[in-house]
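The values are calculated or read from the model by the stated rules, or taken from the named source; none is laboratory data. Remember, predicted model here, so these are calculated numbers, not experimental data. Don't worry about glycine lacking a Cβ; one is built from the backbone with ideal geometry, like all the others, and counts go over all protein chains shown. SASA here: full protein model, heavy atoms, side chains in, ligands and nucleic acids out. Shrake-Rupley method; radii C 1.70, N 1.55, O 1.52, S 1.80 Å.
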Amino acid sequence: MQHEYGMKVVEDNDGKAHALVKQQQQLDSPTALQIFLDRIPVSCIPSINTCLVVDLKTGDSVKDAIQFLYEKNVCGAIIADNHDNDDDFGRFSQHYMGYIDFPSLLLWSLDQCEKHKDPTTTFLTMLQQNPQIGQTKIGELAKSFLWDPYFPVHLDDTLFHVLLLLSKHPRLEMVPVIHNKSDSKVIGFITQNDVTQLLLRSSGLEWFDGIANKALSEFCFEGQEHMNICVYGDQSLAEGLGVLWESRIGAVAIVNRGNEKIMGCITSNHVLLIFQDNKLFNMRKNLSMKEFIDMEAPKKDSHGLITPQVYSPVTATTSDTLKHAMNQLVKSKANVCFLIDDLKKVMGMVTLRDIIVQFAPPCIDSGFHGGGFFDSALEQTGCQLKNGTIICDH
């Protein structure tokens, strides 16, 4: 059977087209959604192998880890135990313990160093002058919840499994992909953006449009809890980065202090600019957020790590549809859409996870088990299946 990425066309080798689509029309929307997603194998996602996979050891220092990730030009790394283990890894590998992204590592380091004497210097020199921070072991950062959990999927698992993991675990932003249980080497990642793009390919199908065509005002997003988190344009860049780290939401709106209108945003990726540009690093406490967003976008260096400056935030009104927000986020490669009113004041936000949660079946048919992976995923996320419903144990 051949699958189209968009989940619209299903055609077998005998040329019998749309048999499954006809079957879906006789099912309720949650069941149809579940069956569709469970027929899209992970191996169909083209972006899995587009980035280099590297790992860090729990015994590596923060400073060495930062230098390594910069030299490898990667956005993060999986964390491996220092002790090699050739034993059977079981359902989940014990060799890999988590994932850490480069921007978060930089933000944590900067936040910790800001509390100490900070002479004019470079980012790496700052870590040398603060060895209690620069020499912190990667393994110790688990205490700060800086790691993302490690829940891998196999190439023969399906998008349904990926969707469940991303929706049921708040801190999971990307899912590692391995060949199979006997070969635990990570070959790539599936991001929230990847999943959102695939979901959009189902535009026009009843189960998808029944959710995606609803106005944003009809949903209750977790992002509403962060509606008051913002930074003013007259605050310093250092203050903005501090708010960004403390909020742990990946992006913070920059607003005008006088009229509260949104004027830009600062994201976790912007700390890469601070890391690479020594002049900007030394100006961070005197440069205002407005001056920062008005700066000309710098060119990429030989490492190519400077990312496009996302100073034009993704916005939507509550009368816009969920599908509109999805398209805007995918187009801009952002992970946060700010909800604004008619006066352009920030009323809340919608994250990619907020969106993915809307498509995660809240009630799983008790006759559908999803195999050993499904059971393991539930166990790892602190959930269990009772009478066809996912129950969280915490």
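Odds and ends about this structure:
- Efficiency of FRET between Leu124 and Ser43 - r from beta-carbon atoms, R0 56 angstrom, step 0.05: 0.90
- Shape annotation for region 90-240: C-alpha extents along the principal axes are 60, 47, 22 Å, from largest to smallest.
- Lysine pairs in region 166-262 whose alpha-carbon atoms fall under 27 angstrom of each other, counting only those eight or more residues apart or on distinct chains, come to 4.
- Within region 137-161: backbone nitrogen closer than 15 Å to the Asp81 label point (7 Å, Cα to C-beta): 139, 150
- The label point for Asn73 and the one for Lys137, both projected 7 Å from the Cα toward the Cβ, are 3.3 nm apart.
- When the surface is traced with a 1.4 Å probe over the full set of protein chains, His95 keeps roughly 40 Å² accessible.
- Burial order of peptide ranges 337-345, 164-172 (average beta-carbon count within 10 Å, highest first): 164-172, 337-345
- Region 132-212: proportion of alpha-carbon pairs further apart than 14 angstrom, %: 70 percent
- The residues of region 165-292 expose on average 42 square angstrom of accessible surface per residue, using a 1.4 Å probe on protein heavy atoms.
- Counting only protein heavy atoms and using a 1.4 Å probe, the accessible area of Val186 comes to about 10 Å².
- Region 269-283 versus region 119-168: alpha-carbon centroid distance in Å: 20 Å
- Per-residue SASA remark: Lys279, around 140 Å² accessible (1.4 Å probe; ligands, DNA and RNA not included).
- Surface/4 of the Cα convex hull for region 202-253, nm²: 5.2 nm²
- Sorting Met289, Met295 by accessible area puts them as Met295, Met289; the probe is 1.4 Å, largest comes first, and only protein heavy atoms count.
- Based on Cα atoms of region 166-241, Rg over Rh with Rh as the Kirkwood radius reads 1.11.
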